[in-house]
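Nothing in this text is a laboratory measurement; each read-out follows from the coordinates by a stated rule. Note that the coordinates shown come from a computational prediction; the quantities given were computed from them, not determined experimentally. Because the Cβ atoms are built from the backbone with ideal geometry, glycine has one as well, and the counts that use them run over all protein chains shown.
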Amino acid sequence: MNLDEKISKKCIEIIKNNVDKSEEEFEKIQYGIQVIIINLLSYF
């Protein structure tokens with residue numbers, strides 16, 4: 001598991017505790033977070 005996966009999983013755990021969504025919606029959110037993190041890490 002690489003850094004972007006770890007960060008996105010931690011973020012989605014926090015979101016799951018505060019938002020009531022379906023599992024499919026959480027997967028979409030996690031994917032979006034992971035894409036953002038990958039882009040940020042590749043920028044630096």
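Some values worked out for this structure:
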quantity: ³J(HN,Hα) computed for each position of segment 7-16 - Karplus, 6.51 cos²θ - 1.76 cosθ + 1.60, integer Hz, glycine/proline x; calculated: 5, 5, 5, 5, 4, 5, 4, 5, 5, 4
quantity: Coil-residue trypsin sites (Lys or Arg not before Pro) of the chain, DSSP, other Cβ within 10 Å capped at 14; calculated: 21
quantity: Cut-off 13 Å between beta-carbons: net charge of the residues surrounding residue 41, Lys and Arg +1, Asp and Glu -1; calculated: -1
quantity: Largest-first principal axis extents of the Cα set of the chain (Å); calculated: 34, 17, 14
quantity: 222 nm mean residue ellipticity, helices alone, for the chain (DSSP H n ≥ 4; -39,500 (n - 2.57); rounded to 500); calculated: -28500 deg cm²/dmol
quantity: Estimated vicinal HN-Hα couplings, Hz - segment 27-44 in sequence order (Karplus 6.51, -1.76, 1.60; Gly, Pro = x); calculated: 5, 5, 5, 4, 4, x, 4, 5, 4, 4, 5, 4, 5, 5, 5, 6, 5, 8
quantity: Sum of side-chain charges, residue 18 neighbourhood, beta-carbon under 15 Å (Lys, Arg +1; Asp, Glu -1); calculated: 0
